[in-house]
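Worksheet: the structure to be examined is printed underneath.
The values are calculated or read from the model by the stated rules, or taken from the named source; none is laboratory data. Owing to the predicted nature of the structure, the values given are computational and were not obtained by experimental measurement. Glycine gets a Cβ as well: all are built from the backbone with ideal geometry, and neighbour counts include every protein chain shown.
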Amino acid sequence: MRKINEIFILFSLIILGCDKYYYEIEEETIITQNITFPQETKIVKCEEGYANQFPCMGLDLYSRVSLQDFESDFANDIWGWTDKINNKEYVIQGLNDGTLFIDISDPINPILLGKLLTETSKSTWRDIKVYNDHAFIVSEANEHGLQIFDLTRLREVDDFQFFSSDAVLKTFGSAHNIAINKSSGFAYVIGSNRFSGGPIFIDINDPKNPIEVGGYSGMGYSHDAQIVNYEGPDKNFLGKEIYIGSNSEGGSNNRVVIVDVTDKEEPKLIARKSYSGSRYAHQSWLSEDQKYLFLGDELDEYYYGNRSKTYIFDLSELEKPTLHHSYLGTSNAIDHNGYIVGDFFYLANYTAGLRIMDISDIENKKIEEIMYFDTYVLNDNTTFNGVWSIYPFFQSGIIAISDTQEGLFIVKPSL
């Protein structure tokens, strides 16, 4: 049996000036899986292509926490934190009504520690990043601002509780996303109603006392971004703080935008790079040598019917990005958030779940899918069901998966 719920998927883009461009997709049918999930107290091995009913390859299921356990209606972004004092690992789970903190130091038996409720109203969109033992949270909820939560408070939690923020910055209202450069101690709030949707620069070196120091409107709307102190192959920019945005200017002109944000009072545009077949430049991530950029376009599968497509740009010259390769996945599922750890590309692929690719030979345009875990068992169709995001940065090798309707999955490579 299938239980069908309809939600209105709205992508809100902010373009030049005070105008707003709304990229609407007609009401999508979101199919919730009516599946009984056993409460496992042991690792469920991936054997003969399945871990229980979940299709898999090379990834074992350690545990799952449902939306019912979260007492929420929708899961979105996910991030993580490792306590340097005791090496405990924690999942920070974004939800439509707030943010949940989960102790996964025993990944088979995760412990729900508490929830930080949304600052204002519920929203499908929430994003979280971590810096200096603090979580920084934005949402598209009206007048939400930036919530800041001291993660070291989790050390003393014995019973589930509702938390309050340690600080809230209200110099902006709603925002789609936040990115943090840990090397500089700056947060970049993006997709707000300020600076034409471009980044707001916030000094968070003193986490509980954030200071807005400016922003940049010369690139249009940023949907997501990565910011690094540059150590890549282009010697002209070594040591500079470089912002790489997945951007939209005018809605249909989707592109990668590269900006030197070293001087917050005078950011300098380095390059804009469009690409063929674009519909919605969603998110990108650099290879560890900072030579290649892996970009996902969220709507090309939806409109053009192609398989999950990742665009890989060669950034050997930051002023002249070139398209190096286009990788097609194994299904027509929509790609969402992707991250790189070493030689592996971890991709949240909606109905196709988590996909992991070996990119060690990307110089020769070779990418190989080597592992996957599919939380959405009904199909791999081009819809917005399934995995929104993943967090693959835990030293233990644990990977946290956020499924919009089914909650949190904790998996780990079999070998």
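The residues listed here are Y311, Y327, Y376, Y304; of these, the one that is touching a residue at least 12 places away in the same chain (Cβ under 8 Å), out of contact with any helix residue (DSSP H, G or I) (no Cβ under 6 Å at 6 or more places or on another chain), among the hydroxyl-bearing types (S, T, Y) and under 29 Å from E89 (Cβ atoms) is Y376. So which residues in the stretch 111-130 are in a loop (DSSP other than H, G, I, E, B), β-branched (V, I, T) and within 18 Å of the chain's Cα centre (by Cα), if there are any at all? Hit for the stretch 111-130 is T124, nothing else.
Here the condition is being at pLDDT 95 or above, in a loop (DSSP other than H, G, I, E, B) and among the hydroxyl-bearing types (S, T, Y); of T382, T310, it holds for T382 alone.
Scanning the stretch 300-336 for residues that are farther than 13 Å from I362 by Cβ and touching a His at 6+ places or on another chain (Cβ under 8 Å) returns D335, H336. Residue count for the stretch 207-240, restricted to those that are out of contact with any Gly (no Cβ under 9 Å at 6 or more places or on another chain) and either of a type in the set (D, E, K, R) or at pLDDT below 95 (or both): 5.
Give I108, I104 a once-over and let me know the one that is touching a residue at least 24 places away in the same chain (Cβ under 8 Å), surrounded by 23 or more Cβ atoms within 10 Å (Cβ to Cβ) and out of contact with any helix residue (DSSP H, G or I) (no Cβ under 7 Å at 6 or more places or on another chain). Criteria check complete, one pass: I104.
Could you please give the count of residues in the stretch 251-266 that are loosely packed, with under 14 Cβ neighbours inside 10 Å and at pLDDT 95 or above?
The qualifying residues number 3.
With respect to the conditions (1) buried (at least 21 other Cβ atoms within 10 Å of the Cβ); (2) under 17 Å from the mean Cα position of the chain (by Cα); (3) small (G, A, S), S287 lacks only one, and its number is (1).
Selection over the stretch 69-91 of residues that are aliphatic (A, V, I, L, M), over 18 Å from K122 (Cβ atoms) and in a strand (DSSP E or B) gives a count of 1. Quick check: is even one residue across the stretch 381-404 touching a Leu at 6+ places or on another chain (Cβ under 9 Å), of a type in the set (G, A, S) and closer than 30 Å to K291 by Cβ? Yes, that holds for at least one residue.
Between A348, A400, A352, which is touching a residue at least 12 places away in the same chain (Cβ under 8 Å), out of contact with any strand residue (DSSP E or B) (no Cβ under 7 Å at 6 or more places or on another chain) and crowded, with 24+ Cβ neighbours inside 10 Å? The conditions single out A352.
Kindly check whether there is at least one residue in the stretch 267-280 that is surrounded by fewer than 23 Cβ atoms within 10 Å (Cβ to Cβ), more than 30 Å from D166 (Cα to Cα) and touching a residue at least 60 places away in the same chain (Cβ under 8 Å). Yes, the stretch 267-280 contains a residue that is surrounded by fewer than 23 Cβ atoms within 10 Å (Cβ to Cβ), more than 30 Å from D166 (Cα to Cα) and touching a residue at least 60 places away in the same chain (Cβ under 8 Å). For the stretch 131-171, the tally of residues that are part of a loop (DSSP other than H, G, I, E, B), in contact (Cβ under 8 Å) with a residue 40 or more places away in the chain, at negative phi and of a type outside the set (G, A, S) stands at 5. Looking only at the stretch 176-202, count how many residues are closer than 20 Å to L286 by Cβ, surrounded by fewer than 23 Cβ atoms within 10 Å (Cβ to Cβ) and of a type in the set (S, T, N, Q). Qualifying residue count for the region: 3. Scanning the stretch 186-197 for residues that are in contact (Cβ under 8 Å) with a residue 40 or more places away in the chain and not aliphatic (A, V, I, L, M) yields F186, Y188, G191, S192, N193, S196, G197. Scanning the stretch 173-197 for residues that are within 21 Å of the chain's Cα centre (by Cα) and in a loop (DSSP other than H, G, I, E, B) gives G173, S174, A175, H176, K182, S183, S184, G185, G191, S192, N193. Right, S246: crowded, with 16+ Cβ neighbours inside 10 Å and closer than 16 Å to K129 by Cβ or not? Criteria met by S246. For the stretch 373-390, the candidate set comprises residues that are surrounded by fewer than 24 Cβ atoms within 10 Å (Cβ to Cβ) and among the aromatic types (F, W, Y); within that set, the residue that is farthest from D60 (Cα to Cα) is F384.
Yes or no, residue by residue, for (1) farther than 24 Å from F186 by Cα; (2) not acidic (D, E):
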| residue | (1), (2) |
| --- | --- |
| F74 | yes, yes |
| W79 | no, yes |
| Y90 | no, yes |
| D97 | yes, no |
| D103 | yes, no |
| E119 | no, no |
| D127 | no, no |
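Going by what's in this entry, would A51 be described as over 30 Å from D300 (Cα atoms) and either surrounded by 21 or more Cβ atoms within 10 Å (Cβ to Cβ) or at pLDDT 95 or above (or both)? Spelling it out, A51 is indeed over 30 Å from D300 (Cα atoms) and either surrounded by 21 or more Cβ atoms within 10 Å (Cβ to Cβ) or at pLDDT 95 or above (or both).
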